[in-house]
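Read the structure below first, then the notes.
The values are calculated or read from the model by the stated rules, or taken from the named source; none is laboratory data. As the structure is a prediction and not an experimental result, all values here were calculated from the model. Every residue, glycine among them, receives a Cβ derived from its backbone with ideal geometry; neighbour counts consider all protein chains shown. Side chains are part of the model used for accessible areas, which takes the heavy atoms of the whole protein and leaves out ligands, DNA and RNA. Shrake-Rupley method; radii C 1.70, N 1.55, O 1.52, S 1.80 Å.
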Amino acid sequence: MTDVESPAYVPGHGLLKGRTAVVTAAAGAGIGGATARRFLEEGARVLISDAHARRLEEYEALLAGQFGRESVTAVPCDVTDEEQVRVLFETAAAEHGRLDVVVNNAGLGGTAELADMTDEQWSRVLDVTLNGTFRCTRAALRLMRESGGGVIVNNASVVGWRAQAGQAHYAAAKAGVMALTRCAALEAAAYGVRVNAVSPSLAMHPHLVKVTSADLLAELTGREAFGRYAEPWEVANVIVFLASGYSSYMTGEVVAVSSQHA
């Protein structure tokens, strides 16, 4: 860990006022939950989804109590299931009439040496992280193509740029998310849709602490220029920027939220 203090929380400025958004893997403590909260603070109406129905329901109740029941809706969705993805986006369109922003945050990690990695380990990580992003991007583009605009922000990772032992499946999936982002951006520009990605390194939250050793966390933290991990809301701030009009001429970009560009 680190003793370096995180910066003060930045208040909302209405950057997404009147927008409607879908955020996947948004049931609480990580980047997805922080992004949903930041979007609400910036004036958006948000549909949150997650494969963990109980945690999703609890987080919906928390956000609704703070921002109003009309501002947030929850729809359980496993992004590996095409039918659930279809229902998620149909619900978004039905409840809000249009879809302005989609944040594809769902991803799955794990640690396994390549020589000992099973097909199931490989396939599961790619199905959630890369294929899930594909399914949701495809569904979003179909809606946005009809409405004439929108923004998609995908969650990649610095591991998609640089090597890390035990992370071949995750690195391959995140590199795929980067490539998917760039290709989708070229196709979507014709109908006014922007597609970008963020590439965080280490954004700390309770679930990550449970599955990562203290030694590895200390090593990863030590690689960062600021000598500390990112707060999830710091990554969410960059997602807000990419979703807002301040990034109106950016598409096909992968923005590092870290000093580790390669």
> When the Debye formula is applied to the Cα atoms of the stretch 121-194, each taken as the same point scatterer, what base-10 log of I(q)/I(0) results at q = 0.14, 0.15, 0.26 Å⁻¹?
Replying inline: -0.46, -0.52, -1.10
>> As an exercise, identify the chymotrypsin sites (Phe, Trp or Tyr not before Pro) in the stretch 1-91 lying in DSSP coil whose Cβ has no more than 13 other Cβ atoms within 10 Å.
In response: Tyr9
> Can you give the three extents of the C-alpha atoms in the stretch 114-262 along their principal axes, from longest to shortest, in whole Å?
Replying inline: 49, 37, 26
> For Leu114 and Lys17, what is the calculated FRET efficiency with R₀ set at 30 Å and r taken between the beta-carbons, to the nearest 0.05?
Replying inline: 0.05
>> Suppose a student asked you for the relative contact order of the stretch 23-176, using Cα pairs under 8 Å spaced at least 6 residues apart; what percent would you report?
In response: 21 percent
>> Distance between the C-alpha centers of the stretch 159-173 and the stretch 112-137? Whole Å please.
In response: 11 Å
> Using the Kirkwood formula over every pair of different C-alpha atoms, what hydrodynamic radius in Å results for the stretch 91-132?
Replying inline: 12.6 Å
>> I need the GluC sites (Glu not before Pro) found in the stretch 94-161, filtered to DSSP loop residues with at most 14 other beta carbons within 10 Å of theirs.
In response: Glu113
>> Rounding to the nearest 10 and keeping the result within 0 to 90°, find how far the Cα-based axis of helix 232-243 lies from the longest principal axis of the chain.
In response: 40 degrees
>> Over the chain, with the other protein chains present, what is the accessible area per residue in square angstrom, probe 1.4 angstrom?
In response: 45 Å²
> Among His96, His52, His13, which one shows the biggest mean-square fluctuation in a GNM of the chain, springs joining Cα atoms closer than 10 Å?
Replying inline: His13
>> Please list, ordered by chain and number, the residues whose modelled amide H lies under 5 Å from the amide H of Val195; skip anything fewer than 5 residues away on the same chain.
In response: Ile152, Gly252
> To the nearest 20 debye, what charge dipole does the chain have about its Cα centre, counting +1 at the Cβ of each Lys and Arg and -1 at the Cβ of each Asp and Glu?
Replying inline: 700 debye
>> Run through the stretch 1-87 and list the GluC sites (Glu not before Pro) located in a DSSP loop whose Cβ has at most 10 other Cβ atoms within 10 Å.
In response: Glu5
> Based on the Kirkwood radius over alpha-carbon pairs, what is the Stokes-Einstein translational diffusion coefficient of the stretch 6-141 at 25 °C with 0.890 mPa s viscosity, in µm²/s?
Replying inline: 158 µm²/s
> What are the residues whose amide H is under 5 Å from the amide H of Leu108, where those residues sit 5 or more places off or on another chain and H is modelled from the backbone?
Replying inline: Thr129
>> Could you give the length gained by full extension between Ala61 and Ala189, i.e. 0.36 nm per residue of separation minus their alpha carbon distance, to one decimal place?
In response: 42.4 nm
>> In whole Å, what are the extents of the chain along the principal axes defined by its C-alpha atoms, from largest to smallest?
In response: 47, 40, 38
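Could you please state how large a percent of the accessible area of the stretch 99-155 is carbon and sulfur, counting protein chains only and using a 1.4 Å probe? Don't skip to the end; give the middle numbers.
Working: 1240 of 2540 Å².
The value for the stretch 99-155 is 49 percent carbon and sulfur by accessible area.
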